[in-house]
Amino acid sequence: MNVRALAVSPTVFDSANEAAGAVARRLVALVQARPDAVIGVATGSTVEPVYRALVELARQTQVVLGGVRWFALDEYVGLPPGHPQSYREVLLRQLIRPLGLAPTSLHVPDPDADPGSYDELIDAAGGIDRQLLGIGRNGHLAFNEPGTPFDSPTHRVALTDDTRAANARFFEGEESVPGFAVTQGLGTIFRAREWELLAFGASKAAAVRDALAGPVSAQCPASLVQRHPAVTVSMDAAAAALLSAEHAAVGRPA
Ligand code: GLP
């Protein structure tokens, strides 16, 4: 591939757990500086080690997290309330309850509400200070599939077959994965003051290459990362495999 300077330099860690530890330490530092921080949270395999690391670090440091407001990126449409794979339940299980926090501190898009009301809720909280982001193997961010306009607000979306297949592992087969979701739009996500983008594993290597080294294009929603002014990108070697050596920063402790 063409070697050119990247707009954003990723940090490549030896393992997902090391990267997750660095992200968790930065989150604790954020909350120590701003106890009522607004943190945007993702769901999926990528962020699970971050939440495990944060729970452990919170225990060690005794950081006070009770003032933090948490905003999820997206939610499935059509799952019954309390369904274990609804993103509200996933975040309650992986993050909010282990941290001993009130469920009311977690905001998740309401599939039955006007999607625009979620953007208003975020604005009313003062905007998102830091947004955790995974990347879909087709380059999606949250559930913003290829082709989504960069200025989109929170909206309802039909999931692609690729995304439904990727998420089938959380359900009893692909046919049980909902066909629709409500997602923060790319415009919503872009307004977060800082991004923490994470990618682990070989299945993300092409999306990582396209996002960081390809053209900024709606065909790869994650390429928006190249335009954001305050981005930290952390990955493992497998996810970085299609970036040339010149593109990857030396792993650095955070
Ligand atoms: C999911 C989520 C995204 C997530 C991405 C990657 O469908 N909606 O927010 O970042 O796809 O998921 P994973 O981390 O499981 O690979």
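None of the figures in this text is laboratory data; all of them are computed from the coordinates on show. Since the structure is predicted, the reported quantities are computational estimates derived from the model, not experimental observations. All Cβ positions, even for glycine, are placed from backbone atoms using ideal geometry, and neighbour counts span all protein chains on display.
Beta bridges assigned by DSSP with both partners in region 88-215 are antiparallel in approximately 55 percent of cases. The Cα atoms of region 25-159 define a convex hull whose projected area, averaged across directions, is 8.2 nm². DSSP finds beta bridges in the chain, and of those with both partners inside it, around 30 percent are antiparallel.
The share of C-alpha pairs in region 120-254 whose separation exceeds 26 Å stands at 24 percent. For region 1-134, the relative contact order is 30 percent, taking Cα pairs closer than 8 Å that sit 6 or more residues apart in sequence and dividing their mean separation by the residue count. Could you check how many percent of all C-alpha pairs in the chain are farther apart than 26 Å? Roughly 36 percent, once rounded to a whole number. Simple rule: put +1 on each Lys or Arg Cβ and -1 on each Asp or Glu Cβ in region 99-198, find the dipole, and look at Ala102, Gly139, Gly173; the Cα lying farthest toward the positive end is Gly139.
Ranking His155, Ala113, Gly126 by how far each Cα lies toward the positive end of the dipole of region 101-254 (charges on Cβ) leaves Gly126 at the top.
For Arg34, what charge total do you get from the other residues with a beta carbon under 10 Å from its beta carbon, if Lys and Arg give +1 and Asp and Glu give -1? It would help to have the intermediate numbers written out before the result.
Working: positive: Arg130; negative: Asp36, Asp129.
Residues near Arg34 contribute -1 overall.
In a fully extended conformation the segment linking Asp161 and Arg93 would gain 21.8 nm over its present Cα-Cα distance, using 0.36 nm per residue. Count Lys and Arg as plus one, Asp and Glu as minus one, and take only other residues whose Cβ is under 11 Å from that of Thr43; the net charge is then -2. Taking amide H as placed 1.01 Å from N in the peptide plane, Ala72 has its amide H under 5 Å from the amide H of Val41, His107, Val108, each at least 5 places away in sequence or on another chain.
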